[in-house]
Amino acid sequence: MFCVVLGISIAIVSFAVWIMFRYFNAQEAKAPQPGPMALSKDERLPPEPRLQAAPGFAATLENNQRVNLERGAPQAEYKVLREQWDKELHGELKDQSGNPLSMPIDQAMKQVVTGGALPARAQTAPGKLQDYAISLPTAESSGRETMKRVQ
C-alpha cells in the first residue's frame, strides 16, 4: 500500500512541477520590453574601477603582443597564458628577426640524452666558502654582534 501511495504522490508532484515550469515560461514570454528610457546593457555596467571585463582591459604577452580581453570570460587570461606556454614548449615563439626563442621540449630532451650541449650561460669561477656563509648572532654578545658561519 505504501509503494502505491508513494508512486501516485511522485506522479502528482512531477505533474505539478511540469505545470509550474510551463506557467513561468509563459510569464517570461509575456514580460514587457524595457521602455525607451531604460538603460542599455552597456550603461548598466558597475562604476569604475572594473577589475575584469572592462573597456581597455588587455594582457601584454612576453613578445609584446597585446591581447584584448575586453568583456571576455574571467578565465580568458588563463587561456591566453596557456596558449603562450604551449607555443614556448613547442618552439613556435620567434623574436623580431625571425629566430626561434626556444626549442621544442622533445628536441631539448633528445639533446640532453645524447649529450649535446644546450645553450647556457658561461660558468663563473666559484667563490670562497666564506661567500656562502650567513651572519648569525653569537651567544656571548646576546645578539648584538654577528659572526659568519658556514652552515
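Looking only at region 101-132, count how many residues are modelled with pLDDT of 75 or more and outside any loop (DSSP other than H, G, I, E, B).
Total meeting the criteria: 10.
Taking region 11-39, which residues are among the polar types (S, T, N, Q) and either outside any loop (DSSP other than H, G, I, E, B) or modelled with pLDDT of 95 or more (or both)? Please lay out each step first, then the result.
Pass one, region 11-39, residues among the polar types (S, T, N, Q): 14, 25, 27, 33.
Selection gives SER14, ASN25, GLN27.
The values are calculated or read from the model by the stated rules, or taken from the named source; none is laboratory data. Note that the coordinates shown come from a computational prediction; the quantities given were computed from them, not determined experimentally.
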